[in-house]
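K.L.:
Can you keep this structure in mind? I'll have questions shortly.
The values are calculated or read from the model by the stated rules, or taken from the named source; none is laboratory data. Keep in mind the model is a prediction, meaning the values are calculated, not measured. In this analysis, Cβ positions are derived from the backbone assuming ideal geometry, glycine residues included, and neighbour counts consider all displayed protein chains.
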Amino acid sequence: HLDLFPDNIFFNDKEKIVAMIDMYFAADDLPVFDLAIVANAWCFTDQFYWRRPAFRRMIQNYEATRPLAEWEVSSFQTLCRGGCMRFLLSRLEEWFAHDPSKTTMQPHDPREYMVKLSFHQDNDVMAWLKS
């Protein structure tokens, strides 16, 4: 999917996923890159603090179905940065090219991904799983 943000997933009253939307950027890429994008979207608080327990649960649940290869673990920090760059750049374009007379869509603030990128430049979240 490469865009599994909380606003692209719908849950029922039992907190089960019932639908995913926004397949505009869907692509066939490395599953671990999708996982990095999901981590960036779901494992930060609204104030952009890393939610270590949420990340740990996400990785544990993912690996219960598909264990990560060593190269995926060692590449994860780079993939998180790449995911941040992808959304930082697309949001910058959206922010500066936005013409409210042509669409009702509100542009996303690119600063969110500047903060997340900075976090991933300083932190290897996979290393934290070992501690």
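K.L.:
Picking from ALA54, ALA41, which residue would you name as being closer than 20 Å to ASP109 by Cβ, out of contact with any helix residue (DSSP H, G or I) (no Cβ under 6 Å at 6 or more places or on another chain) and either of a type in the set (A, V, I, L, M, F, W, C) or modelled with pLDDT of 95 or more (or both)?
P.N.:
ALA41
K.L.:
So which pairs qualify, if the first residue must be in region 79-91 and under 16 Å from ASN123 (Cα atoms), the second must be surrounded by 18 or more Cβ atoms within 10 Å (Cβ to Cβ) and among the basic types (Lys, Arg), the Cβ gap must be under 6 Å, and the two must be at least 6 apart or on different chains?
P.N.:
CYS84/LYS116
K.L.:
Return the residues of region 49-76 that are loosely packed, with under 14 Cβ neighbours inside 10 Å, hydroxyl-bearing (Ser, Thr, Tyr) and either at positive phi or assigned to a helix (DSSP H, G or I) (or both); say none if nothing qualifies.
P.N.:
THR65, SER74
K.L.:
Mind listing just one residue for me: the one in region 77-115 that is of a type in the set (A, V, I, L, M) and outside any loop (DSSP other than H, G, I, E, B) and, of those, surrounded by the most Cβ atoms within 10 Å (Cβ to Cβ)?
P.N.:
LEU79
K.L.:
Restricting attention to region 6-24, which residues are surrounded by 13 or more Cβ atoms within 10 Å (Cβ to Cβ) and part of a loop (DSSP other than H, G, I, E, B)?
P.N.:
ASP22 - this is the single residue of region 6-24 that is surrounded by 13 or more Cβ atoms within 10 Å (Cβ to Cβ) and part of a loop (DSSP other than H, G, I, E, B).
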